[in-house]
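The values are calculated or read from the model by the stated rules, or taken from the named source; none is laboratory data. Just so it is clear, the structure is predicted and the values come from calculations on it, not from any experiment. Counting neighbours? That spans all protein chains shown, and the Cβs are built from the backbone with ideal geometry, glycine included. Areas reflect the complete protein model, heavy atoms only, side chains present, ligands, DNA and RNA absent. Shrake-Rupley method; radii C 1.70, N 1.55, O 1.52, S 1.80 Å.
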Amino acid sequence: MKTILYFIVSWTWGFIQSFIGLIMLILFIVRNSIIKIELFNGSLIVFTKYFNGVSMGYFIFLNYEKYYFEPDRKTVWHEYGHFLQHLILGFFYLLVVGIKSFYNNRMSISNNEYQGNNYYKHFPENWADKLGKVKR
């Protein structure tokens, strides 16, 4: 039942980011870069060859080699937290979470304050960890 509810909410209240996620899925299919797809607590995780990671509406895209075998699956649960943010915020997700998360990601490359686990201390990453029940 939860899976059906999350699907409906993702494709109504969160349509914009789910539609972008669908376009990303099609591009990954065309590029033949999908290794595995799995249903995960009402979301769809797409493990790819080359992509690092992002939650886009109903879809979570993660690098297969880097995250599929991660022992505690912290990254999967963190991205699932972003999926829950998408369900809560709906079409506001990209404005509230997406832009800031992208900024945090870019800053983690060049700024010591954002590197390592410090990245997860900033909003909205800390909220995604809380929703995904990730302990750091």
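Assorted remarks:
- Given (1) in contact with a Pro (Cβ under 6 Å, 6 or more places away or on another chain); (2) closer than 21 Å to Lys49 by Cα, number of the condition Val97 does not satisfy: (2)
- Flag for Gln115 being of a type in the set (S, T, N, Q) and under 17 Å from Phe15 (Cβ atoms): no
- Filtered by the rule that a residue be open to solvent by 60 Å² or more (accessible area, probe 1.4 Å), in a helix (DSSP H, G or I) and touching a residue at least 12 places away in the same chain (Cβ under 8 Å), the range 114-136 gives Asn117, Trp127, Lys130.
- When the criteria are applied in full, Ser101 fails the requirement of being touching a Gly at 6+ places or on another chain (Cβ under 9 Å), buried (at least 18 other Cβ atoms within 10 Å of the Cβ) and assigned to a helix (DSSP H, G or I).
- Per-region count, the range 113-132, residues in contact with a Gly (Cβ under 8 Å, 6 or more places away or on another chain) and basic (Lys, Arg): 1
- Odd one out for Asn111 among (1) buried (at least 16 other Cβ atoms within 10 Å of the Cβ); (2) within 25 Å of Lys135 (Cα to Cα): (1)
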